[in-house]
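**Student:** Dropping the structure in here first, questions after.
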Amino acid sequence: MHTPDRPAVAPVLASVDDGIARLTLNRPDKLNALNYATIDALMARLDAIETDPAVRAVVLTGAGDRAFSAGGDIREFSGSVARGVAAATQEFVRRGQAMTARIEAFPKPIIVAVNGLAFGGGCEITEAAHLAIASERALFAKPEIRLGMPPTFGGTQRLSRLAGRKRALALLLTGERFSPAQALEMGLVNAVVPHDELIPAASDLARRIVRHAPLAVSAVITAVTRGLNMGIAEGLQVESEQFARMVPTADLAEGLAAWIDGREPLYQGR
Ligand code: COA
């Protein structure tokens, strides 16, 4: 039954198949624009997935045939902007930055399947995710400059780290659209596939990861994500710490023993 504080249609759909969660941004009539309810729902879904040992990876995509996401919900955040700096920062910027930071640091791999438009926040989610596959129908843009503002969900920070300062600045300062081929070339996505093969390709990539020890997968994500924002000496320290965390685990003993025995490892996630 529909109640006022519980929307009839979930803003983020979730299903699990063979240990891989599929999350779907679900406002297709608004091109999956990221209103506050959608961001909060995505965060809640990630909270549930983090503590569920049965889920090993996430494929994140958008509902409908047009968009992954057209970015922050302009009508909604205009209201926050109208209420001044404190409201705009708290309600809009902090919420969006928390979402992309959560995606970036999530301990299980998150693969974005870019099924259409990825503008603004949709592009920023793609930047923050560990991996991304784009449909040939995907289209990217950093259009915030056209609204008279810089990006606010990490979009001034992560793209320049991924693609280099000048390539990022050209996209950030013009707001012009760019193709999946350009996204591939600059390292924003890992692959571009025919539209019908998008979810199978993302799921296949997830399966090729989740066959490995869960703690080791998480350690790799942590070491790369934290290390990228550090000097090499500090990053090597993080790498060493992540390895040290694996030393007492049953799964490292199993991985080494299986190799020595010439058999497939059987991991237990501990
Ligand atoms: N915020 C809020 N609503 C959005 C939205 C956004 N970012 N992007 C699209 N929508 C809504 C439209 O208002 C429209 O709703 P309506 O049918 O109730 O009027 C619906 O989604 C479909 O979008 P529409 O603009 O009609 O589609 P289009 O094909 O003509 O244009 C875009 C597509 C992506 C070019 C256009 O929607 C757009 O410019 N969106 C904003 C992109 C942006 O600047 N994102 C960064 C925000 S920080």
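**Student:** Give me M230, M99 ranked fewest to most by other Cβ atoms within 10 Å of their Cβ, as a rough exposure proxy.
**Tutor:** M230, M99
**Student:** What do you get for Rg/Rh over the stretch 1-125 if you use C-alpha atoms and the Kirkwood form of Rh?
**Tutor:** Rg divided by Rh gives 0.97.
**Student:** Distance between the C-alpha centers of the stretch 23-100 and the stretch 171-220? Whole Å please.
**Tutor:** So the separation of the two Cα centres works out to 19 Å.
**Student:** Antiparallel versus total DSSP beta bridges in the stretch 1-99: what percent is that, nearest 5?
**Tutor:** 50 percent
**Student:** Now for a separate question. Could you put S15, S160, S80, S179 in order, starting from the residue whose Cβ has the fewest other Cβ atoms within 10 Å?
**Tutor:** So the residues, fewest neighbours to most, are S15, S179, S160, S80.
**Student:** Rounded, prolate or oblate: which fits the stretch 100-168 when a ≥ b ≥ c are the square roots of the eigenvalues of the alpha-carbon gyration tensor, with rounded for a/c under 1.5 and prolate only if a/b beats b/c?
**Tutor:** It is oblate, given that a/c is not under 1.5 and a/b is not larger than b/c.
**Student:** In addition: Could you run the Karplus curve 6.51 cos²θ - 1.76 cosθ + 1.60 with θ = phi - 60° over the stretch 156-171 and give me ³J(HN,Hα) per residue in whole Hz, x for Gly and Pro?
**Tutor:** 8, 9, 7, 5, 5, 5, 6, 10, x, 4, 6, 5, 5, 4, 4, 6
**Student:** On to the next question. On alpha-carbon atoms, Rg over Rh for the stretch 101-257 using Kirkwood Rh?
**Tutor:** Across the stretch 101-257, the Cα-based Rg/Rh ratio is 1.03.
**Student:** Among T61, T249, T38, which one moves the most in a GNM of the chain with springs linking Cα atoms closer than 10 Å?
**Tutor:** T249
**Student:** Rounding to the nearest 20 debye, state how big the charge dipole of the chain is about its Cα centre with +1 on each Lys and Arg Cβ and -1 on each Asp and Glu Cβ.
**Tutor:** Here the chain has a charge dipole of around 640 debye.
**Student:** Any idea what the alpha-carbon Rg over 2.2 N^0.38 Å comes to for the chain?
**Tutor:** 1.04
**Student:** How large is the convex hull of the Cα atoms of the stretch 154-241 per residue, expressed in Å³ as a whole number?
**Tutor:** So the per-residue hull volume is 118 Å³.
**Student:** Another question, if that's okay. Considering just Cα atoms, how many Å³ per residue does the convex hull of the stretch 60-155 enclose?
**Tutor:** Here the figure is 88 Å³ per residue.
**Student:** Also, quick follow-up: Please report, in Å, the Rg and the Dmax of the stretch 198-270, where both are computed over Cα atoms only.
**Tutor:** 14.4, 39
All of the numbers you see were taken from the coordinates with simple rules; none came from a lab. Model, not experiment: these values are computed from the prediction. Cβ sites come from the backbone with ideal geometry, for glycine too, and all protein chains shown count toward neighbours.
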